[in-house]
Structures are given as structure tokens and as C-alpha cells.
Amino acid sequence: MKKDYKLPSLNEARKRDKEVSDKVTFFLDEQYKGLGEGKKYHIITHGCQANQRDSETMAGLLEGMGYSPADDEKDADVILINTCAVRQGAEEKVLGEVGALKRLKTLNPDLIIGLGGCMAQEEESVKTIMEKYRQVDIIFGTHNITSLPKLLYEVISTKQRKIEVFSKMGEIIESVPVTRFMTHKAWVNIMYGCNKFCSYCIVPYTRGKERSRYKEDIIYEVEQLVKDGYKEICLLGQNVNAYGKDLGINYTFGNLLNDVAKTGIRRIRFMTSHPWDFDDTMIDAIRNNPNIMPYIHLPIQSGNTQILKKMNRRYSREEYFALFDKLKKQLPGFAFTTDIIVGFPNESDEAFEDTLSAVDHCQYDNSFTFIYSKREGTPAAMMEDDVDRKTKEERLQRLNEKVAYYANLNNQRFKDQIVEVLVDGFSKRNSKVYSGYTPENKLVNFTGEGISTGDIVKVKITEVMSFSLNGELVKE
Ligand code: SF4
């Protein structure tokens, strides 16, 4: 195959400028409409909320072309894998899946397999897919999901593989069709990319520079969701606290929260926050708007200041505590969760003890805990990784025990209480039991009848577990 594509470059992707990003309005070209008539698609999504939202965009584009969702990958004419590159394990899982899809291609030679998401932004991953996974027909990046119709058209008309990935800062693309996967909760992007360059993180390279959508476009999207009966939105960004900083306007995330709250949507959530940009306008907006949910996700990553420095997190243990204690004081009754990495290069026993004592200090409602995973191209990948696997696993286990202890302790306050739950449907574990989340983002599994997805109901909590609550519907 003549090389008519450019491999992604992390060096290129590292570049940043201070310009306000371009805003582009998307149009689906007439020649692509109808290309999918009578055909079906299936999307496999890995990773974070941003990827969930991107998969909804991919679905919107495919449905704009006439494709309809397949119940199962076996019935699909197009299969897209939206990948995650945050840890080695995530990448290996994707390669296993791509390998397994080869048999479907044998059964249906016209099947088109596409791979997108963060792995597609990595040079080595694209090379591997190109050389070892010939069943993949399309590779597209995080900056050009909107190229899907064109790439599908080219693969169908030329029977040639198509690779199109841009290593760039990125722009804002508006008016892209979307097929939302839920009818009562919605992801709303407020910004893309990240400029923080934490030393272990591949995201700034795979998702471009921090760029905020215009508030008018965000408010308009939320108003449409309210009209369509949505009950909850989650404002998404790698670092939502930095919203608006790149637009050169005196309008912050706190201002945006106030304006989104005025739309009347029942529940507002947001993620992810970086402690560095958490300011008072945000705290005021959160406190003054009852439809902003009492839940904050505030990653700490490590409890040791030297490790935080090596991670380039830009705050010390003490500075994180100062912010956390202020939030706890000014936002009573809120639930707090965090992210923690164990086994970062040079993490000594003492440094790890600092992480444990940080959890004792913050007593989180829950913590998402991970073993450090080396990401090629990041500064941390150059550091000597001197913590052996056994130690990393022992630390993770000790940390998880402490996390479970505080999760359970925090959940005790809901025992015998009546809580409000937004119903997501039946529990994943038991189809006779409903499940949903409280305002504090607590998972509740409960018995009841005559309710449907999207209802907001009252539930009496009868049993408390570390990571969920059990209860019964309160008839009103
Ligand atoms: S803030 Fe740090 S960890 Fe989060 S996406 Fe940005 S670089 Fe990655």
C-alpha cells in the first residue's frame, strides 16, 4: 500500500500556543448521506467520559449517513473501537479485541473495522495496528472524528485502508450530530484537551491543548437537553476548572456553572477538577445553586510533596489539604472522591505512607486507585522505575483496604435515611432490582415497582455497603 498517511507525532502534539482556538461548524456532506442505508454499526468504547461522549458523536455521524445501531457486533457492517491509552492494560485489552474481530472479517469480508480514540494518537500504536492488525480498515484520531464519513466513503469506494490522524493543538467543532446513549443523563463537553502536562499522563499529547467551547453553545446544548426531558447533565473536561482561561474573556467555570444552573436542568455534575484552578467563584456557584449536585471529584494522585513535584501536579500535600479542608468547611454534606497512583518512580515506603495518611486526612467517599503505568513519550517514562511489581501490588492492596474503610464509614450516614434517586434502570447484577444514583453520587440498588428510567424517586436506605446502598422505594 503506497504510504499516503502521516504517523502521529507526540513531539508535534506537545506544542502549545496562546491563540484562541478556531471554532468550526460541521456539515455532513450530501454525498455521504445514504451511504449507510440498510447497514448497521457497532461501537466499542473504552476509557473515560470524554470517550463515552466521543462515541455518541461517532454514532451521530453514522446515523446521519443512514446506518442504524446493531444489537451485536456480529450483525454490524461497521465496527468502531474507541480506544484509551491512559494505561498499558487498557491498550492490551484493545489489541486483544481487535485480534478477536478478525474472525468476523472472515465471515463478512465487507465488514469495516475502524479504530479511534487516544491510542490512534500514538505513533507506536498506529505502527503496531498497521503492521499486525490488517483487519483494521480505518485509523482516525481524537481531532478528526468528523472525518469518519469521508474515510468510510473512501474505504468503501477504494477498498484501501485509510489512516488519518492529526497531532495538533486542535480546534472547536460545533454542530456535529450526536446520538446519546442515555435518555435521562447526558455528557456535555465544555472544553477539550489539557495543558497541565502531569509527567505520567499521555492525555495532553492525545487530546491537544486546553480549548473551551463558547458559553452560548454550551447553554444552547443544555437548554435542548432540558426540552428533551433530560434530568441530569455532567459538564466534561480534562480540567473543567480552567474553563474560559484560553478564551481571553473574564468568564470562569464558576460563571458558567451559574448560567447552566439557570437553565433549570434538575441535576448538574462536572468532572474532572484539578486542584490548581479551584477558585472561589466556583465554590460560590456550587453553594448557591441547589441543582448543582453535592459531589466533587478532586484527584490528589499522591500524598507526598516530592512525588507530587515529580508528577508535575503543581501543588504540595499541604496546599491540597488547604483546598480540601476549605471545600469540606464551605460545602457541608458534600461527597468527595479522588484518583490515586501508587508505585510512581522513586516512591519510597515513606512517600507511600504519606499517601495513606492523606486518605486518613481526607476520608474520601471513594478513591479510584491505580498502579503507575509507564506511557512512552511522557517525562515520567524517562524516570527509572525502581518500585518492583510486588511492592506496587502490596501498596495498592493496602490503599484499597483503607479506601473501602472510609467509603463504608461515609456511607453510614445514609442508614435508615430517605434519599432521592435518579433511576438508571435495572441493576447490572439483578434485573428485579432497580438502580440509580443519589445527589452525592452514591449508587443505590432498590426494590420497587411502577417506575422507569429517568424517574426521580424517594428510597429508604435499609443496608449500607462500602460502594453502594440498598433500599426500598418509598411510595409517594
Ligand atoms: S490534569 Fe494531568 S492527569 Fe489530568 S488530563 Fe491533564 S495532564 Fe492528565
Per-residue HN-Hα couplings for the stretch 449-466 [Karplus 6.51, -1.76, 1.60; θ = phi - 60°; Hz; x = Gly/Pro]: 8, x, 10, 9, 3, x, 6, 10, 10, 9, 10, 8, 7, 10, 8, 10, 10, 5
Got a sec? Charge dipole of the chain, +1 on Cβ for Lys and Arg, -1 for Asp and Glu; which of GLN31, VAL464, THR146 is way out at the positive end? GLN31
What's the magnitude of the charge dipole for the stretch 172-412 around its Cα centre, counting Lys and Arg as +1 and Asp and Glu as -1 at the beta-carbon? Answer in Debye, nearest 20. 620
What residue among ASN291, HIS184, ASN400 has its Cα farthest toward the positive end of the dipole of the stretch 172-412, where the charges are +1 on Lys, Arg and -1 on Asp, Glu, each on the Cβ? HIS184
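Given the Cα-Cα distance of LEU104 and ASP385 and 0.36 nm per residue of separation, how much length would full extension add, in nm?
My answer for the length gained is 97.2 nm.
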Label-point gap, in nm, between ASP72 and SER431 - each point 7 angstrom along Cα→Cβ: 1.5
Most to least packed among 288-295, 55-62, 24-31 [average Cβ atoms within 10 Å]: 55-62, 288-295, 24-31
For THR106, THR158, THR438, THR142, write out the residues from largest to smallest accessible area, computed with a 1.4 angstrom probe and no ligands counted. THR106, THR158, THR142, THR438
For ILE81, distant residues with modelled amide H under 5 Å away: ILE44, GLY114, LEU115, GLY116
Can you send over the carbon and sulfur percentage of the accessible area for the chain, probe radius 1.4 Å, protein chains only? 50
Expected vector for the stretch 234-248, Karplus 3J(HN,Hα) from phi with 6.51, -1.76, 1.60 and θ = phi - 60°, integer Hz, x for Gly and Pro, equals 10, 6, 10, x, 5, 8, 4, 4, 8, 3, x, 4, 7, 8, x
How big is the accessible area of TYR437 in square angstrom, nearest 10, if you roll a 1.4 angstrom probe over the protein chains? 70
Quote to one decimal, in nm, the extra length available between LEU95 and LYS329 on full extension: 0.36 nm per residue of separation minus the C-alpha distance between them. 79.6 nm
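For a quick protection proxy, order the peptides 119-129, 455-465, 66-76, 262-272 by their average other-Cβ count within 10 Å, most packed first.
119-129, 262-272, 455-465, 66-76
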Calculate, for GLN412 and ARG314, the FRET efficiency according to 1/(1 + (r/R0)^6) with r their C-beta to C-beta distance and R0 25 Å; round to the nearest 0.05. 0.10
Residue-span extension gain [GLN397 to GLU463] - 0.36 nm each, minus C-alpha spacing: 21.2 nm
Using alpha carbons only, how many angstrom separate the centre of the stretch 177-253 from the centre of the stretch 305-365? 25
So, in nm, how far is label ARG14 from label GLU449 when the simple model puts each one 7 Å beyond its Cα toward the Cβ? 6.4
With +1 on the Cβ of every Lys and Arg and -1 on the Cβ of every Asp and Glu, the dipole magnitude of the chain about its Cα centre, in debye rounded to the nearest 20, is 280
Show me 407-416, 304-313, 373-382 ranked by packing, highest mean number of other Cβ atoms within 10 Å first. 304-313, 373-382, 407-416
Return, ordered by residue number, the residues of the stretch 64-94 whose backbone nitrogen is under 18 Å from a label point located 7 Å along Cα→Cβ of GLU376. 83-94
When the Debye formula is applied to the Cα atoms of the stretch 415-473, each taken as the same point scatterer, what base-10 log of I(q)/I(0) results at q = 0.17 Å⁻¹? -0.43
Quick check: pseudo-label points 7 Å beyond the Cα along Cα→Cβ at SER157 and GLN363, how many nm apart are they? 6.5
Do any cysteines of the chain lack a neighbour Cys whose Cβ is under 4.7 Å away, and which are they? CYS48, CYS84, CYS118, CYS194, CYS234, CYS362
When the Karplus curve 6.51 cos²θ - 1.76 cosθ + 1.60 is applied with θ = phi - 60°, which whole-Hz ³J(HN,Hα) does each residue of the stretch 33-38 get, with x for Gly and Pro? 5, x, 4, x, 3, x
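The values are calculated or read from the model by the stated rules, or taken from the named source; none is laboratory data. Every value quoted in this text rests on a predicted model; they were computed, and no experiment measured them. FYI the Cβ positions are ideal-geometry reconstructions off the backbone, even for glycines, and counts take in every protein chain you see. Ligands, DNA and RNA are stripped out before the accessible areas are found, and what is left, the full protein with its side chains, is counted by its heavy atoms. Shrake-Rupley method; radii C 1.70, N 1.55, O 1.52, S 1.80 Å.
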